[in-house]
């Protein structure tokens, strides 16, 4: 009897960025294995991607048919629309170049902006922990309940604060203005969900490590 490995993955973050994690269930016949991990500061997409990556990295056999179940449209599209092939061909550099072109920045300024994002995120996380430690005696359920809310409020201010020191305040001011204009435009146009109902999309890709056929299925409500 031919076996097929079933992998169920999910990932999420509160606050986006905020505390989050991923969970994986691998089923091989009557055997089952579970993997999970959590992070203090992460994003939804990162956790969805990490779940699939960690699941595939945990395999110690080659030549096994694999079916991955995920509710992440981003992951399914990356396979179905050929993004993954592009990323592998360009050694995952294409996304950075496209982002740089989209923002219309020179290489030096682009990396200064990325640095500002990173430092701002680190500052907001540390400041959030410091403020909440004064309000809570320990990191209990109440601490983690309030943490993502406070972090979400602090994050943009932290990034803007750091942007003064990296000389990128003008960029962030313009960027926030453009994002605000798009949001208001979308609301004014009555933008709604793209699609509703159960969607099942199948895709095949080649595992760059073992060339094993992989099916990716998307279930979204």
- Item | Selection within region 71-84 - touching a residue at least 12 places away in the same chain (Cβ under 8 Å) and in a helix (DSSP H, G or I) | 73, 74, 75, 76, 79, 80, 84
- Message: Residue under question is residue 68, and the condition is that it be in the same structural domain as residue 27 (by TED's automatic domain parsing), in a strand (DSSP E or B), over 16 Å from residue 16 (Cβ atoms) and touching a helix residue (DSSP H, G or I) at 6+ places or on another chain (Cβ under 9 Å); does it hold?
- Response: yes
- Message: Condition (residue is surrounded by 13 or more Cβ atoms within 10 Å (Cβ to Cβ), modelled with pLDDT of 75 or more and in the same structural domain as residue 120 (by TED's automatic domain parsing)) applied to region 173-187: is it met by at least one residue?
- Response: no
- All conditions in (1) in a helix (DSSP H, G or I); (2) over 25 Å from residue 4 (Cα atoms); (3) modelled with pLDDT under 85 are true of residue 40 except (1)
- Note on the structure: Taking region 22-62 and the residues there that are in contact with a helix residue (DSSP H, G or I) (Cβ under 8 Å, 6 or more places away or on another chain) and surrounded by fewer than 18 Cβ atoms within 10 Å (Cβ to Cβ), the one that is farthest from residue 157 (Cα to Cα) would be 35
- Matching residues, region 144-160, being in contact with a helix residue (DSSP H, G or I) (Cβ under 8 Å, 6 or more places away or on another chain), over 10 Å from residue 124 (Cα atoms) and without any contact (Cβ under 8 Å) to a residue 60 or more places away in the chain: 146, 160
- Subset of region 118-149 [closer than 14 Å to residue 16 by Cβ and crowded, with 17+ Cβ neighbours inside 10 Å]: 121, 124, 125, 147, 148
- Would you please list the contacts, defined by Cβ atoms under 6 Å and residues six or more apart or on different chains, that run from a residue in region 44-59 that is assigned by TED's automatic domain parsing to the domain that holds residue 70 and at negative phi to a residue that is at pLDDT 85 or above and part of a loop (DSSP other than H, G, I, E, B)? 48/72
- Query: Between a first residue in region 6-25 that is under 14 Å from residue 46 (Cβ atoms) and a second residue that is part of a loop (DSSP other than H, G, I, E, B), which pairs have beta carbons less than 7 Å apart while being 6 or more apart in sequence or on different chains?
  - Reply: 10/71; 13/43; 16/43; 17/43; 20/14
- Among the numbered conditions (1) touching a helix residue (DSSP H, G or I) at 6+ places or on another chain (Cβ under 6 Å); (2) assigned by TED's automatic domain parsing to the domain that holds residue 16, tell me where residue 83 comes up short. (1)
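The values are calculated or read from the model by the stated rules, or taken from the named source; none is laboratory data. Note that this is a predicted model, so its numbers are computed, not measured. All Cβ positions, glycine included, derive from the backbone under ideal geometry; neighbour counts span all protein chains shown.
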